[in-house]
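Read the structure below first, then the notes.
The values are calculated or read from the model by the stated rules, or taken from the named source; none is laboratory data. Note that the coordinates shown come from a computational prediction; the quantities given were computed from them, not determined experimentally. Counting neighbours? That spans all protein chains shown, and the Cβs are built from the backbone with ideal geometry, glycine included.
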Amino acid sequence: MLSNLAVRDVETLIHPYTNLDAHRSAGPLVLERGDGVHVYDTEGRPYIEGMAGLWCTALGYSNGELVEAAREQMAKLPFTHLFSGRSHDPAIELAEVLKELMPVPTSKIFFTSSGSEANDTQVKLAWYLNNALGRPKKKKIIGRQRGYHGVTIATASMTGLPANHTDWDLPLPGFLHVGCPHFYRFAEPGETEAAFSQRLADELEATILREGPETVAAFIAEPVMGAGGAIVPPEGYFAAIQAVLARYEVRFIADEVICGFGRLGTWFGSEALGMRPDTLSFAKALTSGYVPLGGVSVDEPLYEAMRAQSLKIGTFGHGTTYSGHPVACAVALKTIEIYKRERIVEGVAAKAPHFQARLSRLAEHPIVGEACGLGLIGGLEIVADKASRRQYEPKAGVAARCVAFAQAEGLIVRFLMGDRIAVCPPLIITADEIDALFDRLTRALDRTADWIRAEGLE
Ligand code: PMP
């Protein structure tokens, strides 16, 4: 029986990334409040938010300082914008702070309201840059299978997941995908991590050569793939990829929307994985998810090209109403101040070994094929046969069932394509809470194994 609120939900809301038919009978999980790493539903039941919302609430659910920063800015100047040269203190100060933090040469910051808008901006800037440089054919964008970069027409095109392409008439022409760097699932028998990485770099090079290097503008990658399965790339992967990109003057965009601001125990994922991108996209933990804000770093050569181009056209014709929203910038400034003061990033590095040790113990579970991660992010894969790595039929929905059991155990985690389950808790999680998280996840896996037996799944 659905509650009154649940019935009203079903009658009125379209939910992103939800089976809209199943939702009619299953109904929503309606959350009401949060405290630390916990959220509470309308019945008062607590859950460990093992996904930090959507990989974003780094400082948990009850940070009064962030609330106060938003309140103060709202009371002072709730809205102004950056169009036509107008400006405000929080945007200027935040851009300064971010410029300092960026692990790539950065001349300026351009603000957006989401990760999708940040990556969409990256596509447009790569095109704009090549027009300014007099290479109008150099426009193709290469992403990766299972990469996730957003849902706008361009970013869904860069994304490498079937749900974002099937029946959406995507990807657009000019958007290509190369292989997913998931060693466990896609390496050949006997292949080393280094050899697998080299094979993927060779595939990238062959793709660029087939298309013609003069037509390829940019390559985009997340340091650790998030929505595609919480996948850590194998040894040597980015070194091999970068060597190819450099040979053909292909711009390298790091999608730091999940990994940025401490997730891997470094300020940015690029630092943890030895990436040397030309530019970064960021969002999510920039404000700890409390208000929407994203952005991109702009290097000096790009800035000079943008300046020249806007001189020609008369304006830089890009930006949204909420680019650099003052309340969002104020919250971001406070978030970064807290990250620095509380040594949150160092804390992640200190907690990560315990988190990863508990995660990798799950690989011993009878239905788990792989369990690994980096920093405070991890993924596990449920398999039907550990030796052959055979998977259950997707329609059996085994990982979805496991996530439902986890919820019943008081833990929110997320299932992803290929019977994978992601864990990505708030960065403030304590050692005891990490233990509670994995105890609950273990019980959910036990219940899933019982269910598999009861259903007679092969
Ligand atoms: N890039 C990555 C790596 C993401 O994980 C996401 C969102 N999960 C996006 C981009 C898109 O961000 P948004 O949902 O804020 O548009």
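None of Thr106, Thr155 is under 21 Å from Met306 (Cβ atoms) and either away from the ligand (no atom under 16 Å from the Cβ) or modelled with pLDDT under 95 (or both) except Thr106.
Against the test of being in contact with a Gly (Cβ under 8 Å, 6 or more places away or on another chain), under 29 Å from Asp419 (Cα atoms), assigned by TED's automatic domain parsing to the domain that holds Leu209 and away from the ligand (no atom under 13 Å from the Cβ), the options Leu176, Leu170, Leu161 yield a single qualifying residue, Leu176. Whether a residue is in a strand (DSSP E or B) and either of a type in the set (S, T, N, Q) or without any contact (Cβ under 8 Å) to a residue 40 or more places away in the chain (or both) was assessed, and Ala387 does not pass this test. For the range 27-41, a residue qualifies if it is more than 23 Å from the chain's Cα centre (by Cα), assigned to a loop (DSSP other than H, G, I, E, B) and surrounded by 14 or more Cβ atoms within 10 Å (Cβ to Cβ), and the qualifying residues are Gly27, Pro28.
Filtered by the rule that a residue be in a loop (DSSP other than H, G, I, E, B) and buried (at least 24 other Cβ atoms within 10 Å of the Cβ), the range 117-149 gives Arg146, Gly147, Tyr148, His149.
In the range 273-289, what residues are within 15 Å of the ligand (Cβ to nearest atom) and outside any strand (DSSP E or B)? Outline the logic, then answer.
So the first thing to find is which residues in the range 273-289 are within 15 Å of the ligand (Cβ to nearest atom), and the list is 273, 275, 277, 279-289.
Correct list: Leu273, Met275, Pro277, Ala283, Lys284, Ala285, Leu286, Thr287, Ser288, Gly289.
Does Lys137 qualify as being away from the ligand (no atom under 16 Å from the Cβ), touching a strand residue (DSSP E or B) at 6+ places or on another chain (Cβ under 7 Å) and of a type outside the set (A, V, I, L, M)? Criteria not met by Lys137.
Are any residues in the range 379-430 surrounded by 17 or more Cβ atoms within 10 Å (Cβ to Cβ) and hydroxyl-bearing (Ser, Thr, Tyr), and if so, which ones? Tyr392, the sole residue that qualifies. Residues in the range 239-272 that are under 22 Å from Val298 (Cβ atoms), within 16 Å of the ligand (Cβ to nearest atom) and either among the acidic types (Asp, Glu) or surrounded by fewer than 24 Cβ atoms within 10 Å (Cβ to Cβ) (or both): Phe252, Asp255, Glu256.
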